[in-house]
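Note sheet for the following structure.
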Amino acid sequence: MGSTVLNVMSSSPPLTTATLVVRAREGEAEARQELAREAGRTAYVFALQLSGRPDVARDVAQESLVRLFDRLDRFDPGRPLEPWLFTIVRNQVRDHARRERVRRHESLDAWLEGGGQRAASAATDPAALAEQAELARRIWKAVSGLSTAHREIVVLRDYHDLSYREIAAVLSIPEGTVMSRLHAARMRLREELRGER
């Protein structure tokens, strides 16, 4: 038991993203792998939220990681990585759509039913869990019905917790536009969810 306590106490704390970036720039293989794991998960989820298609999200996440590592030397490790990564992912989603030359608006219901998004809850009551799952499904259905401009802002603000300034940087629009689009998107969601009752 004593050795277990020592092993737990001696384990090093997880590296910060800034440290991972610096070490990855220096060519440290473990740091590059960890950064790829973290950034890959984030890129996949955001690409899936924007496109609604797991196949596209996988491709976009991979393409985004290649771009991230190609340009890692340009990134300031003193800044948060996510807004920069979100910009890359967003551009890759748009490029992918242009390459397909097809505008497909699929619901995220299949993704939700497949377990891609689970409501975080400590509830163990099956009825409460079912209610949460149904609410999550309804919200995602409403989000998937928004215009691309509104969906991007809702996802960045409400699911990735970016500030208005960070969203403005990711989308290359003024902060005022972020606020007005977010307000309009939330009003649209509210109307849509009320109409489903």
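All of the numbers you see were taken from the coordinates with simple rules; none came from a lab. Predicted model, so just to flag it, every value in this text is computed and none were measured. Backbone-built Cβ (ideal geometry, glycine too); neighbour counts: all protein chains shown.
Each label point was placed 7 Å from the Cα along the Cα-to-Cβ direction; for residue 141 and residue 15 their separation is 4.5 nm. Sorting the segments 182-195, 159-172 by their mean number of nearby beta carbons within 10 angstrom, highest to lowest, gives 159-172, 182-195.
Relative contact order of the stretch 15-104, taken over Cα pairs closer than 8 Å and 6 or more residues apart, is 30 percent.
Using 0.36 nm per residue and subtracting the Cα-Cα separation, the extra length available between residue 22 and residue 132 on full extension is 35.5 nm. Counting only Cβ charges, +1 for Lys and Arg and -1 for Asp and Glu, the dipole size of the stretch 15-104 around its Cα centre is about 560 debye.
Ratio of Rg to Rh for the stretch 15-104: 1.01 [Cα atoms; Kirkwood radius as inverse mean 1/r over pairs]. In this calculation the C-beta distance from residue 70 to residue 175 is compared with R0 = 25 Å, giving a FRET efficiency of 0.30.
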